[in-house]
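Chemist: What follows is a structure written as structure tokens; I'll ask about it next.
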Amino acid sequence: MTEQAYYHGTGRRKTAVAQVRLMPGGGGAIIVNGVAYDELFPRLEQRQTVARPLVVTNNLGKFNAVVKVTGGGINAQSGAIGHGIARALLEVDESLRPVLRQYGLLTRDSRVKERKKPGLKRARKAPQYTKR
């Protein structure tokens, strides 16, 4: 493990893109767009999604993370940040790959909103049929 100033990882979920910088040392602070992540993500599930890669690899207090995230909603952003942290951890130590893969943290969730089709109200919902 070579010491660098920081390790970079990019995470994506729906239309959210998170650029993560992991810095060795520190108290384990995660700063998202200049705000602490526990202030930005009010729900416990969102905070757990962000910190999950650090928890499963036993690196919770060993890195400070500075994140820039754009696009998507709050759930998609938390998923993108978790994905980015997992990718950055791979740059730190490649031997973490089996653990991260086992928890499904390296797989990019490719589900996105389906586009609206012409003649329909939404992607699949058709106008109500009227007989008379």
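The values are calculated or read from the model by the stated rules, or taken from the named source; none is laboratory data. On a predicted model such as this, the values are computed, not experimentally measured, just so you know. No Cβ is skipped: glycine too gets one built from the backbone with ideal geometry, and neighbour counts run over all protein chains shown.
Chemist: Name every residue in the stretch 78-107 that is more than 12 Å from Thr10 (Cα to Cα) and of a type in the set (A, V, I, L, M, F, W, C), in order of residue number.
Modeler: Passing the criteria: Val92, Leu96, Val99, Leu100, Leu105.
Chemist: What about Ser110, is it among the polar types (S, T, N, Q), out of contact with any Ser or Thr (no Cβ under 9 Å at 6 or more places or on another chain) and closer than 18 Å to Arg12 by Cβ?
Modeler: The answer is yes for Ser110.
Residues are listed down the side, and each one gets a yes or a no for (1) modelled with pLDDT under 95; (2) within 28 Å of Lys113 (Cα to Cα); (3) of a type in the set (Gly, Ala, Ser):
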{"position": "Glu3", "(1), (2), (3)": "yes, no, no"}
{"position": "Val20", "(1), (2), (3)": "no, yes, no"}
{"position": "Gly28", "(1), (2), (3)": "yes, no, yes"}
{"position": "Glu45", "(1), (2), (3)": "no, yes, no"}
{"position": "Arg87", "(1), (2), (3)": "no, yes, no"}
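Chemist: Which members of the stretch 108-132 meet the condition of being surrounded by 10 or more Cβ atoms within 10 Å (Cβ to Cβ), within 30 Å of Phe63 (Cβ to Cβ) and not charged (D, E, K, R)?
Modeler: Val112
Chemist: Among (1) on the phi > 0 side of the Ramachandran plot; (2) surrounded by fewer than 17 Cβ atoms within 10 Å (Cβ to Cβ), which single condition is Val35 missing?
Modeler: It is condition (1) that Val35 fails.
Chemist: While we're looking at this one, here's another question. How many residues are of a type in the set (D, E, K, R) and loosely packed, with under 12 Cβ neighbours inside 10 Å when one looks only at the stretch 73-107?
Modeler: Within the stretch 73-107, residues that are of a type in the set (D, E, K, R) and loosely packed, with under 12 Cβ neighbours inside 10 Å number 1.
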